[in-house]
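Student: The structure follows.
The values are calculated or read from the model by the stated rules, or taken from the named source; none is laboratory data. Here the structure is a predicted model, which means the values were calculated and not measured. With ideal geometry, Cβ positions are generated from the backbone for all residues, glycine too; neighbour counts draw on all protein chains shown. Just the protein is used for accessible areas: all its heavy atoms, side chains included, with ligands, DNA and RNA removed. Shrake-Rupley method; radii C 1.70, N 1.55, O 1.52, S 1.80 Å.
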Amino acid sequence: MAPSAYRTWSKRTLADTLAHCLQTAHAQGLARVDAQVLLMWALGRHPHDRAWLLAHDDAVLPETAAARWQAALHRRLGGEPVAYIVGEQAFYGLTLHVGPSVLVPRPDTETLVQWALETAPDQADFRCCDLGTGSGAIALALCHERPQWSITATDQSADALGVAKANAQRLGVRLRWAHGPWLAALPGERFDLIVSNPPYIAEGDPHLIALRHEPLSALAAGVDGLDDLRSLIGQAPAHLNAGAWLLLEHGHDQAQAVRVLLTQAGFTKVNSRKDLAGIERCSGGRWPNAS
Ligand code: GLN
């Protein structure tokens, strides 16, 4: 078989090919897709252009990319999320810049966005609020899909708000920002829709070890993981217009507890939605019409 163009110009060995880099990373315990994304990033190509990699895996890793690749491999093997290494994460069709001051947006959270979009049409002056926005994922996806809504995003972390604002600027969307914990950031205001992906992991949960590079304040919430969900559900009624919805993301085993909290607080039409894995991941309710 005739050698490919890459093989003929390369004076180096098989050990330097992209295929070999991927094999080595895999043998060290890295997931195949993570290795592909990181190698693309090290090469200065779009991290998700994996088709290129599959077509060129007999190419040689250039000297200039080798150090970046080794550093990325080392960081990932140390547990850092791929999104922090490459500096970005896709969410609801948008590319968001992320760093260690914000939680990496998860595909599970797209369920919450989808639900929010179904609750109301794109009408001017519809007031929506995303509490604890982090990278801005939910708020920015909603802004992008519902340009007429009036959207506010809050966070108690000034660093997170900085990341979210930079993402908004990059994406060319405009929204309002508020700094502070949950609804204390928006005294006296009422909304037609409140959404949030709050921290919901129990403090002692061993799962937190795998998430150690992400901000603990965005992940853990008291002994049962429900502290922030309880606060949000307690505070929300004073900030909802009649007929408004409160939609919340929660842990894989918290749907029933959150439905009980919503019902006890006086919400109606309380129900849950499943994520892509078929797990009840979000629950919500409608604040009844004032009588
Ligand atoms: N979904 C994340 C996880 O379990 C947690 C996000 C959160 O606490 N809001 O990995």
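Student: Would you be able to say whether some residue in segment 232-248 is within 15 Å of the ligand (Cβ to nearest atom), open to solvent by 20 Å² or more (accessible area, probe 1.4 Å) and part of a strand (DSSP E or B)?
Tutor: No, that holds for no residue.
Student: Quick one: in segment 200-220, which of the residues that are among the hydrophobic types (A, V, I, L, M, F, W, C) and part of a helix (DSSP H, G or I) is farthest from residue 106 (Cα to Cα)?
Tutor: Here the answer is 209.
Student: Here is a further query. Among (1) assigned to a strand (DSSP E or B); (2) at pLDDT below 95; (3) not aliphatic (A, V, I, L, M), which single condition is residue 46 missing?
Tutor: Unmet for residue 46, out of (1) assigned to a strand (DSSP E or B); (2) at pLDDT below 95; (3) not aliphatic (A, V, I, L, M): (1).
Student: Ok, one more. Do you know which of the residues in segment 192-203 that are touching a Phe, Trp or Tyr at 6+ places or on another chain (Cβ under 9 Å) and of a type in the set (Val, Ile, Thr) is nearest to the ligand (Cβ to nearest atom)?
Tutor: Out of the qualifying residues, it is 195.
Student: Can you tell me which of (1) assigned to a helix (DSSP H, G or I); (2) touching a residue at least 12 places away in the same chain (Cβ under 8 Å); (3) open to solvent by 30 Å² or more (accessible area, probe 1.4 Å) is the one residue 118 doesn't meet?
Tutor: If we test residue 118 against (1) assigned to a helix (DSSP H, G or I); (2) touching a residue at least 12 places away in the same chain (Cβ under 8 Å); (3) open to solvent by 30 Å² or more (accessible area, probe 1.4 Å), just (2) comes out false.
Student: Residues being among the small types (Gly, Ala, Ser), in contact with an Asp or Glu (Cβ under 8 Å, 6 or more places away or on another chain) and more than 10 Å from the ligand (Cβ to nearest atom): count how many of those fall in segment 204-231.
Tutor: Selection size over segment 204-231: 1.
Student: Restricted to segment 268-291, and to residues that are in contact with a strand residue (DSSP E or B) (Cβ under 6 Å, 6 or more places away or on another chain) and free of Cβ contacts under 8 Å to residues at least 24 places away in the same chain, which residue is surrounded by the most Cβ atoms within 10 Å (Cβ to Cβ)?
Tutor: Top of the filtered list is 272.
Student: Would you pick out the residues in segment 88-115 that are open to solvent by 60 Å² or more (accessible area, probe 1.4 Å) and under 14 Å from residue 167 (Cα atoms)?
Tutor: 90, 93, 95, 97
Student: All but one of (1) more than 14 Å from residue 163 (Cβ to Cβ); (2) assigned to a helix (DSSP H, G or I); (3) within 14 Å of the ligand (Cβ to nearest atom); (4) not hydroxyl-bearing (Ser, Thr, Tyr) hold for residue 85; state the number of the condition that does not hold.
Tutor: (3) is the only condition that residue 85 fails.
Student: Now for a separate question. Could you say whether any residue in segment 147-156 is of a type in the set (Gly, Ala, Ser), modelled with pLDDT of 95 or more and not in a helix (DSSP H, G or I)?
Tutor: Of all residues in segment 147-156, those of a type in the set (Gly, Ala, Ser) come to 150, 153.
Now restrict to residues that are modelled with pLDDT of 95 or more: 150, 153.
If we keep only those that are not in a helix (DSSP H, G or I) as well, we get 150, 153.
Yes, segment 147-156 has at least one match.
Student: For residues in segment 167-179 being among the small types (Gly, Ala, Ser) and surrounded by 15 or more Cβ atoms within 10 Å (Cβ to Cβ), which is farthest from residue 234 (Cα to Cα)?
Tutor: 168
Student: Give me a count of the residues in segment 57-86 that are exposed (fewer than 13 other Cβ atoms within 10 Å of the Cβ) and over 21 Å from residue 18 (Cα atoms).
Tutor: Going through segment 57-86 one residue at a time, the tally reaches 2.
Student: Conditions: (1) surrounded by 15 or more Cβ atoms within 10 Å (Cβ to Cβ); (2) more than 16 Å from residue 94 (Cβ to Cβ); (3) more than 16 Å from the ligand (Cβ to nearest atom). Residue 154 meets all but one. Number of the miss?
Tutor: Every condition holds for residue 154 apart from (3).
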